[in-house]
Each structure stands twice: as C-alpha cells, then as structure tokens.
Amino acid sequence: MKKVLKIVANVVAWALLIMAFLITLLVFASSRNGKTASLFGITPMAVESDSMSPTFKKGDLIFVKKIDDLYNLKEGDVITFYTIIQGKRVINTHRIVEINEAENSRSFVTRGDNNSINDELPAYASDIIGKWTGKKFNGMGKVLDFLRTKKGFFICILIPMAIFFLYELYKFIVVLIEVKKPKLSEEDEEEIKRKAVEEYLAAKKKEEDSTNEIQDDIENGVDEVVDEIDADVQENVAIAKEVVDTEIKA
C-alpha cells in the first residue's frame with residue numbers, strides 16, 4: 001500500500017510541476033513578444049486597472065476563453081480585445097454595451113463597468129482575444145505579474161525545479177546502488193543473523209562480567225573498611241585500658 005501511495009504521489013508531483021512550468025513559461029513568453037497565448041484555449045490575465053470595478057479590480061486574476069464564433073457574443077458579455085489608447089496598442093477587457101451589424105461583419109461598442117462613457121474605439125472581429133469566463137481570483141494578478149519577471153521566474157520556477165530534479169536524481173542513484181548490490185542467499189542471511197546474535201550475547205556477557213567485578217570490588221572495599229575500623233577500635237580500647245591501669249597504680 002505504501003509503495004502504491006508513493007508512486008501516486010510522485011506522479012502527482014510531476015504533473016503539478018510540469019503544469020506550473022508550462023503556465024509560467026506561457027505567461028513569461030507572451031509578456032515578451034507583446035501577444036497573448038493560451039493553454040487549452042484559456043488565457044490567464046492580470047487586471048491592470050479598476051475600470052471594471054466592482055466586477056473585478058486591479059490586481060485580480062481573470063481567465064479569458066477563446067471564442068470560435070463571434071456571432072455567439074451578445075450585449076452584456078465581457079470581452080478582452082486589442083485597442084488603441086493614447087497612441088499605443090494595448091489589451092483591454094470591457095463589457096459589450098452595443099453590437100453594430102454590417103454586411104458580413106460585426107463591431108462591438110464596449111465600456112468599463114466603472115466608466116461613465118463608452119470606449120472611444122469599437123472592437124472588431126480581428127481585435128477580439130476572447131470572452132471572460134466569469135472566473136477570477138482576487139489579488140492573484142499581482143502574482144502573475146511577478147511571474148512575468150525574470151526574478152519571479154527564477155525564484156518560483158527554476159529553483160523549485162532544480163531542487164525537485166536533484167531529489168529525483170538522488171532517488172535514482174539510491175535505486176541504482178541497490179540494484180548493483182549483490183543479493184544475499186538465504187544461507188548468507190542466516191549466517192549474518194547468527195553472528196549478530198553471537199555478538200549481542202558476547203556483549204551482554206561482557207557487561208554482566210563487568211558488573212560482577214564492580215560488585216566484588218565494592219564488597220572487598222567494604223570488608224577492608226570494616227577491618228580498619230575494628231583495628232582502630234581495638235587500639236583505642238587498649239590505650240584507654242592502659243591509661244586506667246596507670247591511674248589506679250598512682
């Protein structure tokens with residue numbers, strides 16, 4: 001059971017590591033070439049302003065899904081698209097407030113939920129990146145922005161990956177060493193066990209012998225002390241007797 005759990009844990013760890021690497025690599029690459037990229041048709045995006053507050057706010061993380069048929073879009077949908085702001089081509093995410101129909105084409109008038117006026121330029125089919133899925137993570141856009149930096153990529157991806165691969169390399173080397181070790185026969189294993197038991201019994205006997213010697217030394221020491229005390233007592237008695245006899249004669 002433990003072996004199965006270990007295998008499952010390793011598979012899950014590898015899957016999470018690869019997924020984290022792909023997502024981070026995707027975000028890092030898209031931020032460098034000025035374009036968006038997606039994973040299975042989903043693009044994670046960091047909110048850069050409060051123009052859509054309170055739907056989502058600056059610093060939130062939202063997910064945008066690619067639209068296969070733009071005719072499925074309707075008023076009220078939130079879309080992500082390219083637009084021109086202050087002379088720069090940027091990515092914007094606003095709500096559709098009006099749809100203009102033309103021959104074989106559509107354009108979308110958009111506005112931020114926190115804005116009082118519509119966006120200056122409409123969004124055309126070629127500008128649209130996708131539709132907001134309705135999913136968001138508060139404040140996680142800041143994490144995405146950090147992962148886009150080289151420092152974030154190094155700290156959050158490269159270092160953990162290096163530690164992970166070093167650990168896997170260590171496990172591989174341990175397994176390799178175990179495989180190369182000669183396997184012992186049953187007779188060899190029994191011999192090793194027998195020697196271990198003999199060594200244990202010998203150590204136990206040595207310990208008991210040491211204990212007996214200590215006890216003998218203690219007993220001998222006690223006898224010597226008793227003899228010395230007895231000799232001192234007899235000597236003192238003799239001296240006292242001699243003193244008494246001397247006084248009587250006097």
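The values are calculated or read from the model by the stated rules, or taken from the named source; none is laboratory data. Just so it is clear, the structure is predicted and the values come from calculations on it, not from any experiment. As a convention, Cβ positions derive from the backbone with ideal geometry for all residues, glycine included, and neighbour counts pool all protein chains shown.
Residue-by-condition table, conditions (1) hydrophobic (A, V, I, L, M, F, W, C); (2) crowded, with 17+ Cβ neighbours inside 10 Å; (3) closer than 30 Å to Phe164 by Cβ; (4) at pLDDT below 90:
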| site | (1), (2), (3), (4) |
| --- | --- |
| Lys6 | no, no, yes, yes |
| Asn10 | no, no, yes, yes |
| Ala29 | yes, no, yes, yes |
| Asn33 | no, no, yes, yes |
| Ile42 | yes, no, yes, yes |
| Lys74 | no, no, no, no |
| Thr83 | no, yes, no, no |
Can you name the residue in the range 45-54 that is in a loop (DSSP other than H, G, I, E, B) and within 33 Å of the chain's Cα centre (by Cα) and is also nearest to Arg111 (Cα to Cα) among such residues?
Ser49
Going by the structure shown, is Arg148 more than 20 Å from Gly41 (Cβ to Cβ), surrounded by 12 or more Cβ atoms within 10 Å (Cβ to Cβ) and of a type outside the set (Asp, Glu)?
yes
Name the residues in the range 97-117 that are closer than 21 Å to Lys58 by Cβ and of a type outside the set (D, E, K, R), would you?
Thr110, Gly112, Asn114, Asn115, Ser116, Ile117
Out of Glu178, Glu168, Glu189, sole residue that is of a type in the set (D, E, K, R), within 34 Å of the chain's Cα centre (by Cα) and modelled with pLDDT under 75
Glu178
